[in-house]
1. Out of the GluC sites (Glu not before Pro) in the stretch 149-254, which ones are loop residues according to DSSP with at most 11 other C-beta atoms within 10 Å?
2. Can you work out ³J(HN,Hα) from phi for every residue in the stretch 136-143, in order, using Karplus 6.51 cos²θ - 1.76 cosθ + 1.60 and θ = phi - 60°, giving whole Hz and x for Gly and Pro?
3. Rank by packing, highest mean first: peptides 244-251, 257-264, 199-206, with packing defined as the count of other Cβ atoms within 10 Å averaged across residues.
4. Per residue, what accessible area does the stretch 183-233 have, given a 1.4 Å probe and all protein chains present, in Å²?
5. State in Å² the accessible area per residue of the stretch 105-178; use a 1.4 Å probe, count heavy atoms of protein chains only, and round to the nearest integer.
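The values are calculated or read from the model by the stated rules, or taken from the named source; none is laboratory data. None of these values were measured; they are calculated from a predicted model. Cβ sites come from the backbone with ideal geometry, for glycine too, and all protein chains shown count toward neighbours. Calculation scope for accessible area: heavy atoms of the full protein, side chains included, ligands and nucleic acids excluded. Shrake-Rupley method; radii C 1.70, N 1.55, O 1.52, S 1.80 Å.
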Amino acid sequence: MTNKRSLIRAASVLAVALAAGHLVQTMTAGSPSRAEPTPAIAVLPTAVTPVQASIDAAAPIPQKPDPLSQAAPACADRLTLAATPGAMITVMIHSPCRGGERVVLRHAGLAVAEALDADGRLAVPLPAFDAGGKVSVLLSDGTVLRDAVPVPDLGGLRRFAVQWVAGDAFQLHVGPGVAANLPALASLGDPSLDLPMQAQVYTWPASQRISPVVEAAITPATCGRDLLGETLLLTEGTTTLTDLTLSMPPCDAVGDILVLNNLVPDVTLAAVN
């Protein structure tokens, strides 16, 4: 539309110039004492200048960058994984605009909640339960980050884990004899979060016979109700996820500890101490 208006304006200027030339010619024709008038086309150079100016004025004006579009990459969420010795996966999160937020890490049935630091960073070692090394991270707004890293040295190990939510707390214990070069017992999850999701994981060589033991303390917060959790058992490269429901004794047993043994392969109620 701007170019059309410029062309119309130029045509109008040219029409005025031609009319003016015709008027001069008519006026001078009635006066023989005067010299023959200069042709009307001589005024055209004065009409070209405004046409060019109009076309230049219609040229697009450079736009300034939108500050919001530039800010988006600075808040990008990144998940990076690295396989480390002992069949571990180092999970590294960088979410610069999510400082202090709660995140949930998931891997092969294992699920724990951690908190980003003030700069939106987190680096945590995660015991691998799957050779494919798939990990997902659930952010507070529902965004899910996914990545995977192969874990080549998983075959020669066995792993057992117990995990729970909020106050349904368990403790994992194993007797002596585990190889010293393995990160045998790992505690995962931040207990200070509003809805903590925690786990304890034990690792041992597949050549050793280990009997993990799960304990549950009878407290005023746990007595007289069911504790809910899950166990994960990694053996021969395959992980089995099992629900764990434990009916706690009445509150007159506060102070005692409920012990579960024979957890590999079965979970059975052993004793009340």
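1. In loop regions of the stretch 149-254 (DSSP not H, G, I, E or B), the sparsely surrounded GluC sites (Glu not before Pro) are 236.
2. Ordered by residue, 3J(HN,Hα) equals 10, 10, 9, 8, 5, 9, x, 5 Hz.
3. By packing density, highest mean first, the sequence is 199-206, 257-264, 244-251.
4. Here the per-residue accessible area is 45 Å².
5. Here the per-residue accessible area is 43 Å².
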